[in-house]
1. Just the residues that are more than 28 Å from A:Lys180 (Cα to Cα) and in a loop (DSSP other than H, G, I, E, B), please, taken from the range A:281-317.
2. Among the numbered criteria (1) in contact (Cβ under 8 Å) with a residue 60 or more places away in the chain; (2) touching a Gly at 6+ places or on another chain (Cβ under 6 Å), which single criterion is violated by B:Arg30?
3. Checking the condition surrounded by fewer than 18 Cβ atoms within 10 Å (Cβ to Cβ) and assigned to a loop (DSSP other than H, G, I, E, B), which residue from A:Asp407, A:Asp452, A:Asp422 passes?
4. Given (1) closer than 23 Å to A:Tyr416 by Cβ; (2) part of a loop (DSSP other than H, G, I, E, B); (3) touching a residue at least 24 places away in the same chain (Cβ under 8 Å), where does B:Leu306 come up short, assuming only one miss?
5. Taking the condition of being at the interface with chain B (Cβ under 7 Å from one of its Cβ atoms) and without any contact (Cβ under 8 Å) to a residue 40 or more places away in the chain, how many residues in the range A:403-412 meet it?
6. Tally time: how many residues in the range B:325-349 are among the hydroxyl-bearing types (Ser, Thr, Tyr) and in contact with a Ser or Thr (Cβ under 7 Å, 6 or more places away or on another chain)?
7. Among the numbered conditions (1) assigned to a loop (DSSP other than H, G, I, E, B); (2) within 14 Å of chain B (Cβ to nearest Cβ); (3) more than 30 Å from A:Pro85 (Cα to Cα), tell me where A:Asn362 comes up short.
Amino acid sequence: MTTDNNKPTPPDSAGIINDVTSSDYKWGFTTDIATDIIPVGLNEEVVRTISRLKGEPEWLLQFRLDAFKRWEKMTMPRWAHLEIPPIDFQAISYYAAPRQRKAPGSLDDIDPEMKRTFDRLGIPLEEQKALSGMAVDAVMDSVSVRTTYREKLAELGIIFCSISEAVKEYPDLVQRYLGKVVSSRDNFFAALNSAVFSDGSFVYIPKGVRCPMELSTYFRINASGTGQFERTLIVADDDSYVSYLEGCTAPMRDENQLHAAIVEIIAETRAEVKYSTVQNWYPGDKEGRGGVYNFVTKRGLCRGDHSKISWTQVETGSAITWKYPGCVLAGDGSIGEFYSVAVTNNHQQADTGTKMIHLGNNTRSTIVSKGISAGRSQNSYRGQVHVAAKARGCRNYTQCDSLLLGDSCGAHTFPYIDVHNDTAVVEHEATTSKINEDQIFYCNQRGIPTEDAIGLIVNGYAKEVMQKLPMEFAVEAQKLLQITLEGSIG
Amino acid sequence: MNPLRQYLDFYDANAELIAAHAAPVLNDRRPEARAALREATLPAKGAPGYDIQGIDTLFEPDYGINASRLSIAADTLEPFRCEVPNLSTWLGFQVNDSYIDGSMRQLPDGVMVGSLGDAAREFPDVVARHYARIAPLDDAQVALSTLLAQDGICIYVPRGVKLAKPVQIVNILSGNVPIMASRRLLIVIDDDAEAQLLLCDHTQSSAPAMLINEVVEVAVGARAALHIYDLEQSTPATRRVASLWARQAEGSSLHHGTVTLTNGITRNNLHVAACGNDTETRLLGLAIAKERQVVDNHTTLVHQGLRGRSNQLFKYFVGDEGRGSFIGRVKVAPGAAKVEAYQSNKNIVATATARVHSKPELEIYCDDVKCSHGSSTGQLDADAIFYMRQRGIPEAMARMMLVQAFLSDVTDAIDIPALATRLRQLTEQRLGNVKALCGDCKADCHNPINPKQ
């Protein structure tokens, strides 16, 4: 950190800044568990094998094969502000499943080692111990391990299960909605996921039902040499509400593991879906070795009038993040929101943002993005706001701030604003700066050490987004923010 | 098919003719330009930075190229029927790509405003050091211009000279058949010198399409100041692809304003490299895009030195089936500390068929900076219109006043008062659909609500 000559230098501020970003990844342990892995490589036979192993119906196999054929003709997108090393898609195993004797009907059927893993991660698989009142679908590598509170939710007509189970138990629902928001034509990684997705979560909230608890999926990559390709589908029928949380971690490995997921949300008339993510995949070590490549396509469709989809994300992990959760605002009066804190440190790269596509009349969208860059990382916001010609009276507000901690990192802003209508009001503003030395000086004057002052300022900076997280996640996210930045402020 | 092919074939067939009618310094750079174009393509719609309009299609028609330098008639008086009153300038003309002297003989000693060919004889080192050196040949548009340019204009202001009045260059695109003009402008302002430059673009042609391929290279020396104002009042048949490449040395100041009032399809690229410390840069843009006009401004401002300051303000009024696009990038290089860079793009969309595309970008590689950008797109304030109507102001007049007020941020920032006043009048006329070339017309310019055309 540099200071003006006429101001006192905060005590050992450079050292504190280094301290704040030098902490270690605390979720990097591996679980020694028997895993079934198919051989590396990707071809039509692998796609058929995945489908066969999962006992899928013919329509889903065809869905996968169509996607695979499209993927073969596609090339990796290169427009993001990322340096992506070549990825050998033939050197990855596309299916890994923790070995279980039978499907886990109860907690006793789950491998004790796996249960210990989720205990260490703080994920409540035991309903009687789950004081948080949160229903969890835990996914390790390619398959769902256990979904809690299913029966209680079923009493309200809510379906919350792994997508593999949903394909078997509710095939009509899955077939009606799968791929309707994110088509396999959408992009390279969406096509890849559509071809090889292994598992994920399925949620259906019936008409008029307000889901009484937070639904949560916890993703864990464990096996080496594999990728994770989960798929989440959330359908909120008329007048329903659900809040959904997603968390993820991975072991520390020298290799780069690939994560290419899809999340699709459909909100019908007056339905509301709140989707929160705390993304904490392994970011690689301080020299940039290892880490997860996180290429995710997330999109919500506000199909019904006055529906609402809200994305909140805290992005702290992954070596490379390529992720743009978006909303297609098709219903009149529908609302899309995107709140994001993206923190990059060491050699991490993030190119993340959102898309708000206004198709319906009087649709509204709000984007608040806070980027924090430290170490030698590169952090980019990329967002699109599109107002279609027939969408009257639309409104968008975008605020996009970047904070730089250190002189070797980068913070970038790439908004795209397309207005095809004479009744739309679209506003975008962005700022980039380092931590204000006057604010640190003010805190120092009042006896607050520089490190605490920096913590206060960063938390205050991110508060607007953190407030949007459900309480269960807000505390975890705030701690994560502090840990991720430990040793980096400078 | 790659539209460059026809130009390469033309060059290969006429290389000797082109060289025979051009100064040696221009010919020296042709082989490198030819080599650069071997694998090049002109950016198409959808290419990075070309979101609404590619330039490949603009070069597709079979334009005539005046390689033999035949004299083309043009009326140099017509553009001055609405001249800037109370502003004395040193005047020169450019018809297509040929320079015609106006009043430059009275310039101070050592100052050169003339054709590139003359400048190459008078100041060979200056021209050789900068011509096709500031603009990179790996840009296909620049390479094509360098391949075909046979002349151009050079403005050279030596060390310490401060020009007392602006230099004005009136560009006239003329011809009765489709013509492509390769315009070059080289501006070298030495250390501690100061100059102001007015560029006015007009078209006198009945041809269905005319193309300007313009490359402007600017070198601003240490502590020097250069203000450029570029006004386009052309025709719907005019296609203009213009790029400016500027380098700023330590302590220098560069102000650039681009005003588009009438045109066909315009693509302006501004590339400014603030290389030295303590530079000051201001980029202004004003566009009124009506009927089927397309105005596509693209800026790239790179801060490489310490304590650089920059401010960009682009405002668009887009109506009818007009298209407005602004893509602006501010890049702060590693180590360029204490930079303050601001960028603002504001647009009014007046009709359901008009389109606006805005893409302000920040690319920051240094932490000790203050950078911001803002973009807004909307309409005139209905409450303000209602307020004025309540007080007896007709709706059309109220709208006009609000648009004028909206655009006045840009005109007020122009630091030649007489030009700022004139631009306010011209924008008012344009908004009222009164042609700027109004010497013979009966329009009542003081009543833009009901002009008698």
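1. Across the range A:281-317, the qualifying residues are A:Tyr282, A:Pro283, A:Gly284, A:Asp285, A:Lys286, A:Glu287, A:Gly288, A:Arg289, A:Gly290, A:Thr316, A:Gly317.
2. Unmet condition: (2).
3. Matching residue, one of A:Asp407, A:Asp452, A:Asp422: A:Asp407.
4. For B:Leu306, the failing item is (1).
5. 2
6. 1
7. Result: A:Asn362 fails condition (2) only.
Residue-wise test of (1) touching a residue at least 40 places away in the same chain (Cβ under 8 Å); (2) within 28 Å of A:Cys394 (Cα to Cα).
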| site | (1), (2) |
| --- | --- |
| A:Asp418 | no, yes |
| A:Ile435 | yes, no |
| A:Gln445 | no, no |
| A:Thr450 | yes, no |
| A:Gly455 | yes, no |
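The values are calculated or read from the model by the stated rules, or taken from the named source; none is laboratory data. The shown structure was predicted, so the numbers you read here are calculated from the model rather than taken from an experiment. Positions of Cβ are generated from backbone atoms using ideal geometry, with glycine treated the same way; all protein chains shown enter the neighbour counts.
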